[in-house]
Amino acid sequence: MQRALGDVGRAVSSTLDLKLVLKTIVGRAVFLSETDAGSIFYYHEQTGRFELGETTGLDDEVLARLSRLDISARETGLGEAITKREPLQIPDLMQRASDPLRDAVVAAGFRASLIVALLGAEAPLGTLILRRRRPGEFSANVVSLMQAFADQSVIALENARLFDEIARKSHELEIASQHKSQFVANMSHELRTPLAAMLGYAELLQEGIYGAPPEKFLPILTRIRSNGKHLLGLINTVLDISKIEAGQFKLNLGEYALGSIVDTVMGATESLAATKKLAFKTEVAKGLPYGVGDEQRLTQVLLNLVGNAIKFTDAGEVRITAGAENGHFELSVSDTGPGIPPEECERIFEKFRQVDSSNTRAKGGTGLGLAIAREIVEMHGGRIWVESTMGRGSTFRMELPMRAAVAASAA
Ligand code: ADP
């Protein structure tokens, strides 16, 4: 008996295939109790009705008849076992009042039944039944064995229910998360339009299109424009990350010259470096071939790396190098900043991730730039990583195929 329970216990814990588990339980129960047939009925509490589940020892004709029956909890042995919450012996079915299930079972040649309720934590789940052709009581041994099997069936049923619930919940979460990403993508797109109008008007005012502005307005207009541009940058970052999450981030492939990307980035960041008194150096190898990729997105990546390098470095230099090696481009951005602890070097490429230092907090940022950069580089079929020594500085490196895989544009 211990072995049989062990077998059943293993079946319960080794598979989430509920039918298989219950089939094993019914089969073992009939075999060990030396009875002739057995079955599990599921109980549906809302309707108060039973439905035939796994069986053993019943021929197809009887099975077909049982599955067609409308078995209510009222006036059947199944309902009685559930109400009493203890095993119900029916030593002679002939002595019992007629009900559709009893009649079908008697017609199939059975005379005695033992019914055990499957009681879940919250509601009755069904019943386990043994049937015998010979009338008479079932021994105390068989009754306690059946109780143990019923307990195992309840565990299997509860596991399956929990598993279904988790699967359903994760599906719901996934859909909710997709809706959220879609909403954030739409929203940031919508925010850009009025912001662009405000920036445009500030520029027109500053250029005197509506008449020469008083001298003291000029620095204010400059501040409006630079704050507006900063806000636009933040919105674009949120738009990019939500597009990535919604699977709508796409590359726009074309020919580009790596040298001119470096020039553009240098042009945009040079004055920032000068304000911090940092030396700014670029080393672009001569005669680099044209590449195929998304020039705007690659510029964005390099801008982000150089922006970070300038942001986090207080003294020394920022250097961009670009070259070609073994058929791919190699790019690097080095700084003489604080460096990145080894355990953070991979993590900073995760969304929202910032090295938790007062330095980072003081410098601001969203923690999204590197996650977007990595996505862009990987969509090109390349890779990006950082090498850093604390207190000495960091070097962000990229390897890019000269021609981005065509699949990227269809991604
Ligand atoms: P953000 O700069 O907006 O916080 P990023 O994803 O661009 O987001 O960078 C993530 C984090 O990586 C930064 O907050 C910082 O902690 C670290 N980091 C990035 N670049 C550098 C760098 N050049 N030197 C030191 N730390 C850096």
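Percent of accessible area on the chain owned by carbon and sulfur, 1.4 Å probe?
Carbon and sulfur atoms account for 54 percent of the accessible area of the chain.
Could you report region 280-335's accessible area per residue, 1.4 Å probe, as an integer in Å²?
Heavy-atom accessible area per residue stands at 44 Å².
For residue 329, enumerate residues with amide H under 5 Å from its amide H, sequence gap 5+ or separate chain, H modeled in the peptide plane.
400, 402
For the chain, what does the helix formula give at 222 nm: sum of -39500 (n - 2.57) over DSSP H segments with n ≥ 4, over the residue count, nearest 500 deg cm²/dmol?
Taken over the chain, the calculation gives -17000 deg cm²/dmol.
Of the options 128, 393, 185, report the single residue whose Cα projects farthest towards the positive end of the charge dipole of the chain (beta-carbon charges: Lys, Arg +1; Asp, Glu -1).
Toward the positive end, the furthest listed residue is 393.
P(r) tail for the chain, what percent of Cα pairs lie past 30 Å?
61
Per 10 Å bin, what is the whole-percent P(r) computed from every C-alpha pair distance within region 1-147?
Spelled out bin by bin, region 1-147 gives 11, 44, 37, 8, 0 percent.
In a GNM of the chain with a 10 Å cut-off on Cα contacts, which of 245, 283, 45 has the highest mean-square fluctuation?
Between 245, 283, 45, it is 45 that shows the largest mean-square fluctuation.
Hey, can you rank 165-172, 146-153 by average C-beta count inside 10 Å, highest first?
Top to bottom by mean Cβ count within 10 Å: 146-153, 165-172.
Using alpha-carbon positions, what is the distance between the centroids of region 166-241 and region 93-135, in Å?
Going from one Cα centre to the other spans 70 Å.
I need the trypsin sites (Lys or Arg not before Pro) found in region 206-261, filtered to DSSP loop residues with at most 12 other beta carbons within 10 Å of theirs.
Counting only loop positions with at most 12 other Cβ atoms within 10 Å, the trypsin sites (Lys or Arg not before Pro) in region 206-261 are 216.
Taking a threshold of 26 Å on the Cα-Cα distance, which of the pairs 281/311; 229/311; 216/281; 216/311 fall above it?
216/281; 216/311
Could you do me a favour and compute the accessible area per residue for region 102-169, 1.4 Å probe, result in Å²?
Value for region 102-169: 44 Å² per residue.
Ranked highest first by the average count of other Cβ atoms within 10 Å around their residues, in what order do 69-75, 127-133 fall?
127-133, 69-75
The values are calculated or read from the model by the stated rules, or taken from the named source; none is laboratory data. Note that this is a predicted model, so its numbers are computed, not measured. Neighbour counts are summed over all protein chains in view; Cβ atoms, including those assigned to glycine, are modelled from backbone coordinates with ideal geometry. In case anyone asks, the SASA skips ligands and DNA or RNA and just uses the protein heavy atoms, side chains included. Shrake-Rupley method; radii C 1.70, N 1.55, O 1.52, S 1.80 Å.
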